Structure formats: C-alpha cells, structure tokens
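Below is one structure, written out as structure tokens; the observations come after it.
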Amino acid sequence: MDSGVWAAPGRVNLIGEHTDYNDGFVLPFALPLRAYVTASVLDSPQWMVSSREEPGDATLTAAELVPGGVEGWARYPAGVVWALRETGYDVPGARLDIHSEVPVGAGLSSSHALECAVLTALCDLGGLDLPLEERPHLVQRAENDFVGAPTGIMDQTASLRCRAGHALFLDCRSMATEHIPFDLAAVDLAILVIDTKAPHRHTDGEYGVRRRTCEEAARILGVPALRDVTVAGLDAALGRLPDEVSRRRVRHVVTENQRVLDTVALLRAGRYGEIGPLLTASHVSMRDDYEITVPEVDTAVSAALDAGAYGARMTGGGFGGCVLALIDAPAAEKVGTAVASAFAEAGFTAPAAFPAVPSGGATRLS
Ligand code: GLA
C-alpha cells in the first residue's frame, strides 16, 4: 500500500479525571469529530507534513527528529515518527497532509487525534507490526518525551480503541479494557458537550504540578500509585500526609476512581439516567479538591444543572476547555441557551454546544 486516508477521533471523558497517571480508572468515549491524514509513501527517508488549519508546512529529515528540535503543530506528527524509530520500527518516508475537525485547546484531545491518525497511517503504509494494545504507549512516548507534555495514557487509548455506541472502561494499570454499551439515544438521553472557549494549556505547568504532588503522596504512603488507596482507607491515608493541599489532591483521586467504578456499574445495568449525581460530584471534587476548574466551566456546570441537566462536569485536563452535561435529548437547545445566557451575563466569550454521540476509534478510510 502506497497511499490512503486515515482518521482518528477526539474524545470526551465521561468520568475519571486525573486518574490515569495514578494507575486508576477512566471512562472516555470517542467523538465523531476527527483528525484526517492523507498520506503517501516517499522514496526517501523524510516526512513532509502540512495542515489545512495551521501554517508552517515542514519537511523533516531523520537528523532533525530530536526532542525539542521541532516547533509548532508539526511536533505532533514528528513525535510519532520519532517514537516509532526510537522503538526500532523502520518508518517509511511519507507525505502527510492533515486536516482536523477537533477544536484545538478545547480539552477534546486534538493533539492525540492527530498523533493517532498519523500513527495508524504510518503503521499501515509501512506494514509495521505494532499491536493495537501497544500503540497508546508509543503515542504517549511521543507526547511525553518529544512534545514535552507530561500527559497520561487515556486520550490516545480512547482515540485508538473506542467503539461506536460504547464508552471505554480502561484500567490504566493493567490496560485492560471493556467496551460498555452507551447508547443514550435509545433512552432519549444525550450528552451535551459545551465548549466554554476558555483555552486550556497543559504545558503551563499546573498539570505537571498535580502529577508530581500525586507521585509524592504515593511515595509518602508507601504505595506504587494512588490507585492503591481505597475509599475505605482514605481517612487513614489522609492522616499520614503532611499538608492540606496534598490531602485534597489525594481525596480527589481516590474518590474519583470510586466514582468511575460506580458509573460503570450503573451503565452495565443500563441505568444511564442515574449517573448524573456522580458526574456532578466529580465536578465538585475537581473544583474544590483538585482545583483545576475556572469560572467559565463552573458557570457552565451550574447553568446546565439549573436548566435541568441530570449531572454535569468539566471533562479533560482542566483549567478551561469543555463541560459535558447529561440531559434529556430534546432539552439540548434549552440547556445550550441557558448556558449561553449565563455566559453573556458574566461577560464571558460565547460558548458553543453540541450533542456528542459515542463514535469509533482510529481507522483507515480509503
Ligand atoms: C489530559 C491528559 C490525560 C488525562 C486528562 C485528565 O487530557 O492528556 O492523560 O490525564 O488530562 O484526566
């Protein structure tokens, strides 16, 4: 195969925030919004990348593929080529033309969608024998070591492995997955995604600070990761931590893991409408204990709940980005309008809202 078109989706995380790098549980689903790569093999070891949305076409040679050596959006495809080569794969030279529907900076994993589309394209073009289960780790290596964002394993696993009509229950320690049926339309419910337009940034450092606080707390508690602290053991664990900030961070992670398990139990029983309070409790925990929300997302959550949502929470890394709300399907416009009015009143940039249908993972289109 010499050429083709590949696509990989952005994601929302239904619940389980900042649990992935604590070896915990997450429950994302893929969006219908995707990044597309039109790719063809070149007969020399270079990678020509261009984007329909971003300026800065680049032609990269193997010698230029060093961490920190590529600027701008091109570092994402470059990081994937780099990680494949570092892992020992013979990556074919390729032309990669990229186009994406996933909004950048909205917390919907636009960078992972792009990376996963490029990875899938290069694996197919080069006939690379890279099992699906190992692909998320390779993308994580690109993000962590080449791009320099200390992100976890959730987003790329979602983009690569989600199935249409399902949420992906992922154990980030064992990497065991379960595709949980999540056909909301069948019960006349919907997940409304509200893009608050408050830009989020991982590289600003707060994400890394949270991560380090969790690792230090696990070290003090003598466990491999905060996943190993249970709700039953939480009070005792908190008593052993030296400061209030780390106590709050640990409380978020431990209770959030339990909320994922409780949500999964309800979904397995088909009791979709009952997960609302867990979603809202997750938001409160992110706001008060993990301290990663901003006024725009708190306003969106309150306005959605006031307008009748069963539950609402920020989704993704935080400090802006998107909120999701579980609503009656016919209420989408009413809830969207209520959030827009609250934003206008507060003087925030107008938000955007769209219902999110659980969609499939990375794939070849043609
Ligand atoms: C970002 C990261 C993920 C995860 C979430 C928070 O999306 O890329 O690995 O940590 O934040 O749940």
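Net charge near Phe146: determine it from the other residues with C-beta under 13 Å of the C-beta of Phe146, scoring Lys and Arg +1 and Asp and Glu -1. Taking every Cβ under 13 Å from that of Phe146, the sum is -3. The angle between the Cα long axis of helix 206-221 and the longest principal axis of the Cα atoms of the chain comes to about 70 degrees, rounded to the nearest 10. Along the axis of the charge dipole computed for region 254-325 (Cβ charges of +1 for Lys and Arg, -1 for Asp and Glu, origin at the Cα centre), the listed residues Gly273, Cys322, His283 are led at the positive end by Gly273.
Taking the helices alone, the chain has a mean residue ellipticity at 222 nm of -11500 deg cm²/dmol, built from -39,500 (n - 2.57) per DSSP H run of at least 4 residues and averaged over all its residues. Rounded, prolate or oblate: which fits region 182-355 when a ≥ b ≥ c are the square roots of the eigenvalues of the alpha-carbon gyration tensor, with rounded for a/c under 1.5 and prolate only if a/b beats b/c? Here region 182-355 falls in the oblate category. Counting only alpha carbon atoms, the long axis of helix 276-288 and the longest principal axis of the chain meet at about 80°. Does anyone have the angle between helix 332-346 and the longest principal axis of the chain? Alpha-carbon axes, 0 to 90°, nearest 10? For helix 332-346, the angle is close to 80 degrees. Of the GluC sites (Glu not before Pro) found in region 262-366, those in coil by DSSP whose Cβ has at most 15 other Cβ atoms within 10 Å are Glu291. Neighbour counts of C-beta atoms inside 10 Å place His18, His112 in the sequence His18, His112, starting with the fewest.
Neighbours of Ala340 by Cβ distance under 15 Å: Lys/Arg scored +1, Asp/Glu scored -1, total -3. The Kirkwood radius of the chain, taken over pairs of alpha-carbon atoms, gives through the Stokes-Einstein law at 37 °C and 0.692 mPa s a diffusion coefficient of 158 µm² s⁻¹. Look at where the Cα atoms of region 152-217 and of region 89-110 average out, and the two centres are 18 Å apart.
Looking at the square roots a ≥ b ≥ c of the eigenvalues of the Cα gyration tensor of region 113-230, which shape do they give, rounded for a/c under 1.5, prolate if a/b is larger than b/c, or oblate? It is rounded, given that a/c, with a ≥ b ≥ c, falls under 1.5. Taking a sphere under 14 Å around the Cβ of Asp306 and counting the other residues whose Cβ falls inside, with K and R at +1 and D and E at -1, yields a net charge of -1.
Here, each number is a calculation from the coordinates, and none is a lab measurement. Everything quoted here is computed from the prediction, not taken from an experiment. Note that each Cβ is placed from the backbone with ideal geometry, even for glycine, and that neighbours are counted across all protein chains shown.
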